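Below is one structure, written out as structure tokens; comments come after it.
The values are calculated or read from the model by the stated rules, or taken from the named source; none is laboratory data. Keep in mind it's a predicted model, so treat the numbers as computed, not measured. Positions of Cβ are generated from backbone atoms using ideal geometry, with glycine treated the same way; all protein chains shown enter the neighbour counts. When the accessible area is computed, the model is the full protein with side chains, heavy atoms only, and any ligands, DNA or RNA have been set aside. Shrake-Rupley method; radii C 1.70, N 1.55, O 1.52, S 1.80 Å.
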Amino acid sequence: MPSLELTVRALEYAFYAAGAFFFLAGSVGLVRFPDVYTRLHALTKSDNLGLGLVCVGLAVRSGSAIIALKLLVIWLLVLVAGATACYLVAEAARSAGVKPWTREAQR
Amino acid sequence: MMTLTSLRRFLVRWIVIAAVWWIISEGDGSSLWLGALVALAAAALSMSLRPDGIPGLSPLGALRFAGYFLVNSVLGGVDVAMRALKPSMPIDPRFVSYPLRLTDVSARVLFANTLSLLPGTLSAQLSGDTLVVHALDCSGDVIGEIAQVEERVAGVFGIALAEASGGAV
Amino acid sequence: MSVVFDILLLGALVWIAVGALSEMRLFKSVVMFVVFGLFLAIAWVRLDAPDVALAEAAIGAGVTGALMLDAVGHLRARSTPYPTPPRDEDADA
Amino acid sequence: MDPVLTALAAFIMLTALLGIWRIERGPTGADRMLAAMLFGTTGVALALVLAEAVGRGGLRDAALVFALLGALTAVAFVKRAWGAGD
């Protein structure tokens with residue numbers, strides 16, 4: 001049934017496109033945001049979501065349950081490692097006295 | 001002296017780690033004997049690092065939490081992506097001190113890490129009973145949202161939340 | 001299409017390598033080195049050599065990077081109040 | 001190789017290159033560390049996409065190592081090398 005195959009293909013590519021969008025947003029945030037803490041927001045949330053979406057797309061493509069599980073394990077590992085690293089860097093920046101950017105200070 | 005509960009705990013960890021090995025080897029049965037040995041060593045190491053288990057982990061609560069987390073981490077990604085890409089960059093960041101109601105260490109770690117992945121919040125420092133959170137946009141009810149997440153995390157461990165020692169700042 | 005990817009990868013490798021070597025500030029140089037290791041591992045992936053990629057990522061970028069960061073920390077701790085080098089006459093006394 | 005996967009890999013690589021600008025600019029060591037963390041995440045994605053593109057499952061294990069690496073360098077950074085000066 002070619003139409004079903006086509007739908008699955010379209011779904012897979014949609015996941016890739018969404019994942020690529022969030023990778024781009026994370027990098028743009030890393031460049032545009034004004035201080036370490038806000039950049040950490042962009043990095044942890046956007047990039048992890050982008051990786052998750054790419055993983056879903058790849059899982060759809062492979063069509064095998066065990067590979068989908070492995071992709072899930074990799075994504076969870078990245079989530080845990082990313083959140084922990086993010087906390088460590090934020091704490092280090094705070095205790096080193098890096099001042100947070102605020103809107104009032106700009107006016 | 002190994003008690004019966006810690007033996008059970010050890011076996012559960014062994015099985016879980018071996019299952020992860022099996023997944024990582026993509027279901028290849030031929031290396032499973034090696035995986036079982038490595039998992040045994042890993043379980044022994046984990047017992048020596050963290051001999052006491054996780055209190056009252058409830059599978060239903062964990063499943064409900066997983067769903068909640070998945071939906072909200074997508075919202076978190078969308079939220080921060082929009083803020084980064086909009087030319088006006090609508091952010092108003094601030095540090096917020098949150099008095100923790102969770103007391104268990106594993107619950108606190110899960111809570112702090114979850115907050116970092118949810119919309120608009122980022123755990124920055126955990127000292128004593130206070131968690132310093134960096135909020136990306138402090139115009140809304142940030143404290144209320146954090147408290148909701150904390151209740152969800154408490155649901156995973158099946159624990160009731162103690163009263164906060166101080167008022168929210 | 002894969003030519004585009006390869007050119008990007010090679011360009012990035014050369015750019016980061018030059019950046020790591022020409023940088024005077026040690027910390028920045030070490031971060032560049034770690035990033036270089038990651039891109040080199042990707043290059044090994046592209047060359048269809050997964051085991052070399054694994055070794056490069058784990059040893060080249062990971063362990064060596066951590067050791068270099070450690071070394072930068074030690075150097076900084078030592079260099080702040082810089083001790084005067086001992087002169088030859090002092091050795092006899 | 002599937003052209004869509006290759007295009008995806010090239011795009012992810014481009015977004016990673018934006019991070020090099022952050023290493024150049026700083027201003028603090030933590031900012032530079034963020035770029036290294038960015039490469040950890042994009043490295044995982046690149047390895048997974050390339051593994052699918054060339055049809056080699058073993059490459060997915062390289063992605064696992066990338067995931068560990070980001071955390072390892074972050075720990076080494078906060079434990080040892082932190083200084084707000086650079």
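Residue pairs whose Cβ atoms lie under 7 Å apart, sitting 6 or more positions apart in sequence or on different chains, and linking a residue in the range B:53-67 that is at pLDDT 85 or above to a partner that is open to solvent by less than 50 Å² (accessible area, probe 1.4 Å), are B:Arg64/B:Gly155; B:Phe65/B:Gly155; B:Phe65/B:Val156.
A quick yes/no check of all residues on (1) farther than 20 Å from A:Ala42 by Cβ; (2) of a type outside the set (Ser, Thr, Tyr):
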site	(1), (2)
B:Leu57	yes, yes
B:Gly67	yes, yes
B:Pro90	no, yes
B:Leu100	yes, yes
B:Pro119	no, yes
B:Thr130	yes, no
B:Val142	no, yes
B:Arg152	yes, yes
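Condition first: open to solvent by 60 Å² or more (accessible area, probe 1.4 Å), outside any loop (DSSP other than H, G, I, E, B) and at negative phi. Can you find one or more residues in the range A:36-50 that meet it? Checked the range A:36-50: no residue is open to solvent by 60 Å² or more (accessible area, probe 1.4 Å), outside any loop (DSSP other than H, G, I, E, B) and at negative phi. Among the residues of the range C:17-31, how many are at pLDDT 85 or above and more than 7 Å from chain D (Cβ to nearest Cβ)? Result for the range C:17-31: 8. Is there a residue in the range D:46-62 that is outside any helix (DSSP H, G or I) and charged (D, E, K, R)? Yes: one or more hits. In this structure, is D:Ala53 more than 7 Å from every other protein chain (Cβ to nearest Cβ), hydrophobic (A, V, I, L, M, F, W, C) and open to solvent by 10 Å² or more (accessible area, probe 1.4 Å)? In short, yes.
Going through the range B:9-29 one residue at a time, which ones are within 22 Å of D:Val65 (Cβ to Cβ) and assigned to a helix (DSSP H, G or I)?
Selection gives B:Val16, B:Ile17, B:Ala18, B:Ala19, B:Val20, B:Trp21, B:Trp22, B:Ile23, B:Ile24.
Listed here are the strands (runs of 3 or more DSSP E) enclosed by the range B:69-169 that have at least 1 residues being surrounded by 14 or more Cβ atoms within 10 Å (Cβ to Cβ) and within 15 Å of the chain's Cα centre (by Cα): B:121-127, B:130-135. Residues that are modelled with pLDDT of 85 or more and surrounded by 14 or more Cβ atoms within 10 Å (Cβ to Cβ) within the range B:26-37 comprise B:Gly35, B:Ala36, listed in sequence order. Cβ-Cβ distances below 8 Å connect the following pairs, each with a first residue in the range D:40-63 that is in contact (Cβ under 8 Å) with a residue 40 or more places away in the chain, a second residue that is open to solvent by 10 Å² or more (accessible area, probe 1.4 Å) and assigned to a helix (DSSP H, G or I), and a separation of six or more residues or different chains: D:Val49/D:Leu8; D:Leu50/C:Arg46; D:Glu52/A:Arg61; D:Glu52/A:Ser62. Among the residues of the range C:1-15, those identified as over 26 Å from D:Gly58 (Cβ atoms) and at the interface with chain D (Cβ under 10 Å from one of its Cβ atoms) are C:Gly11, C:Trp15.
Among the residues of the range D:16-37, just one is open to solvent by less than 10 Å² (accessible area, probe 1.4 Å) and either outside any helix (DSSP H, G or I) or modelled with pLDDT of 90 or more (or both), namely D:Gly26.
Could you please find all residues in the range A:71-86 being more than 8 Å from chain D (Cβ to nearest Cβ) and touching a residue at least 12 places away in the same chain (Cβ under 8 Å)? A:Leu72, A:Trp75, A:Leu79, A:Ala83, listed by residue number.
Does A:Leu43 count as at pLDDT 90 or above and in contact with a Cys (Cβ under 8 Å, 6 or more places away or on another chain)? No, not satisfied.
Among the candidates B:Leu117, B:Leu70, B:Leu75, single out the residue that is more than 7 Å from every other protein chain (Cβ to nearest Cβ) and in contact (Cβ under 8 Å) with a residue 24 or more places away in the chain.
After ruling out the rest, the residue left standing is B:Leu75.
Cβ-Cβ distances below 9 Å connect no pair with a first residue in the range B:131-143 that is aromatic (Phe, Trp, Tyr), a second residue that is not in a helix (DSSP H, G or I), and a separation of six or more residues or different chains.
Does B:Val96 fit the bill of being at pLDDT 90 or above and under 30 Å from B:Gln148 (Cα atoms)? It is false that B:Val96 is at pLDDT 90 or above and under 30 Å from B:Gln148 (Cα atoms). The condition of being open to solvent by 10 Å² or more (accessible area, probe 1.4 Å), at the interface with another protein chain (Cβ under 7 Å from one of its Cβ atoms) and of a type in the set (Gly, Ala, Ser) holds for only one of A:Ala18, A:Ala14, A:Ala10, A:Ala92, that being A:Ala92.
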